[in-house]
Every structure is written in C-alpha cells, then in structure tokens.
1. With a 1.4 Å probe and every protein chain left in place, work out the accessible area per residue of the chain in Å², rounded to a whole number.
2. Name the lysines eligible as straight-distance cross-link partners of residue 3: C-alpha to C-alpha under 21 Å, and not fewer than 8 places from it in the same chain.
3. By how many nm would the segment from residue 80 to residue 95 lengthen if fully extended, with 0.36 nm per residue of separation less the alpha-carbon distance?
4. Looking only at Cα atoms, what is the convex hull volume of the chain per residue, in Å³?
5. Given the peptides 46-59, 3-16, 85-98, arrange them by the average over their residues of other C-beta atoms within 10 Å, most packed first.
6. Leaving ligands, DNA and RNA out of it, report the carbon-plus-sulfur percent of the accessible area of the chain at a 1.4 Å probe.
7. So if we plug the beta-carbon distance of residue 73 and residue 15 into 1/(1 + (r/R0)^6) with R0 = 22 Å, what FRET efficiency do we get, rounded to 0.05?
8. May I ask you to work out the translational diffusion coefficient for segment 1-42 at 4 °C, viscosity 1.567 mPa s, via Stokes-Einstein with Rh from the Kirkwood sum over Cα pairs, reported in whole µm²/s?
Amino acid sequence: MSKEFGERLLSLLKKQGINQKQLADRLNTTEATLSRYVNGDREPKADMLANIATALNTTSDYLLGIEKSDYNFPKLERLLARNASKMTDQEKRALITALFGED
C-alpha cells in the first residue's frame, strides 16, 4: 500500500463528513489500526480493504489507486446495487432527486 491509499482514504472521510474513529467503529476495528492504514505503516488485508471500500461507498480499486477517479457509471451502478437494500426511503428519494431533478 502506499501513501496514496492513506490520502484517498482521508479525502473520502472528509467528503463524507466522518472521522477516523467513526469509520473504525463502523469497521469494528480500532482507531489506531485505521491510523496505521492512513499513515502507510500497515496494509489492510483484503477483507478489511473491501469493508473500508463498502463503508465509504467506493471501490477497493479506487482506494488502491487502480481507478484514478472516484466517479464512473459502472462503479456507481455496482455501488447502488450493493447498497440499495441498506438505503432508507429518504436516501432513495434524495438519490432520485439528484439524478433527475425535482418534478
């Protein structure tokens, strides 16, 4: 893993308005472990990497620097399919409004 992983992780945390402790709680890990990932001192195992990507609504490829952008349609489609069952009705309405504008 590289410094790029930590930078992308921090950027996503900032975009989503959550801190490392909140993400660590979601992942059932410690803030210290997450901090090691951010600083490049430790690499998450594949299952933890997948959990981080899911928690941040992104892909492992983006976190690893394989995908250069956090946006592309196929990725968004996969994310929606993966997370649709967890979305509230309010979140679904907000998404529809964002996609199609208000009626």
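1. 67
2. Partners found: 14, 15, 21, 45, 68.
3. Using 0.36 nm per residue and subtracting the Cα-Cα distance, I get 4.4 nm.
4. Spread over its residues, the Cα hull of the chain gives 110 Å³ apiece.
5. Sorting 46-59, 3-16, 85-98 by mean packing, highest first, produces 46-59, 3-16, 85-98.
6. About 51 percent, which is the carbon plus sulfur part of the accessible surface.
7. For R0 = 22 Å, the calculated efficiency reads 0.70.
8. Answer from the Stokes-Einstein relation: 128 µm²/s.
The values are calculated or read from the model by the stated rules, or taken from the named source; none is laboratory data. Keep in mind that this is a model prediction, so the values were computed, not measured. Virtual Cβ from ideal backbone geometry, glycine too; neighbours counted across all protein chains shown. When the accessible area is computed, the model is the full protein with side chains, heavy atoms only, and any ligands, DNA or RNA have been set aside. Shrake-Rupley method; radii C 1.70, N 1.55, O 1.52, S 1.80 Å.
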